[in-house]
Amino acid sequence: MRPSTLKRLLRSDIFPDLLELHRLDCLASHRDLELFNYCSEQLEEIGEEELKPPRLLTGNDLIALGLKPGVQFGRILSEIEDLQLEGSLSTKDEALAHVRETYLSCPSGEPGGL
């Protein structure tokens, strides 16, 4: 599982309830709590700031780069958040550079990857 996927799961509002349900299910069936223990350890090790960091970019930042609002905004912002959660991006400048390189630097003038 990608780190960004794990962090999105761990930060879910309903995750504590799901984790407890998983624990009870394991105890009632196979008694293997390995996955439960792993998730519990990850919750303790990964701080709130790392699970829910402030957004590096907003739609306004994308507009300022010259992109037109639309469906692609959500995909771009989600990609930026994934890269942030995985530790590949940590500053707004890095995120802006990624968007410029990925979506604004193709020869046709159309955003790449969309």
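Worth a mention:
- Unmet requirement for residue 64, which otherwise passes all of (1) at pLDDT 95 or above; (2) touching an Asp or Glu at 6+ places or on another chain (Cβ under 8 Å): (2)
- Candidates in the range 60-81 are the residues that are among the small types (Gly, Ala, Ser) and closer than 24 Å to residue 9 by Cα; of these, the one that is surrounded by the fewest Cβ atoms within 10 Å (Cβ to Cβ) is 74.
- Of all residues in the range 90-108 being part of a helix (DSSP H, G or I) and among the small types (Gly, Ala, Ser), the one that is surrounded by the fewest Cβ atoms within 10 Å (Cβ to Cβ): 97
- Looking across the range 67-89, just one residue is over 21 Å from residue 1 (Cα atoms), small (Gly, Ala, Ser) and in a loop (DSSP other than H, G, I, E, B), and that is 70.
- Check on residue 44, modelled with pLDDT under 95 and either out of contact with any Pro (no Cβ under 8 Å at 6 or more places or on another chain) or over 16 Å from residue 4 (Cβ atoms) (or both): yes
- Residue count, the range 8-62 (criterion: of a type in the set (Phe, Trp, Tyr) and either touching a residue at least 40 places away in the same chain (Cβ under 8 Å) or outside any helix (DSSP H, G or I) (or both)): 0
- Residues in the range 63-98 that are touching a residue at least 40 places away in the same chain (Cβ under 8 Å) and more than 16 Å from residue 51 (Cα to Cα): 2 in all.
The values are calculated or read from the model by the stated rules, or taken from the named source; none is laboratory data. This one's a predicted model, so the numbers in the text were calculated from it and none came from an experiment. For neighbour counting, all protein chains shown are included, and Cβ atoms are generated from backbone atoms with ideal geometry for every residue, glycine included.
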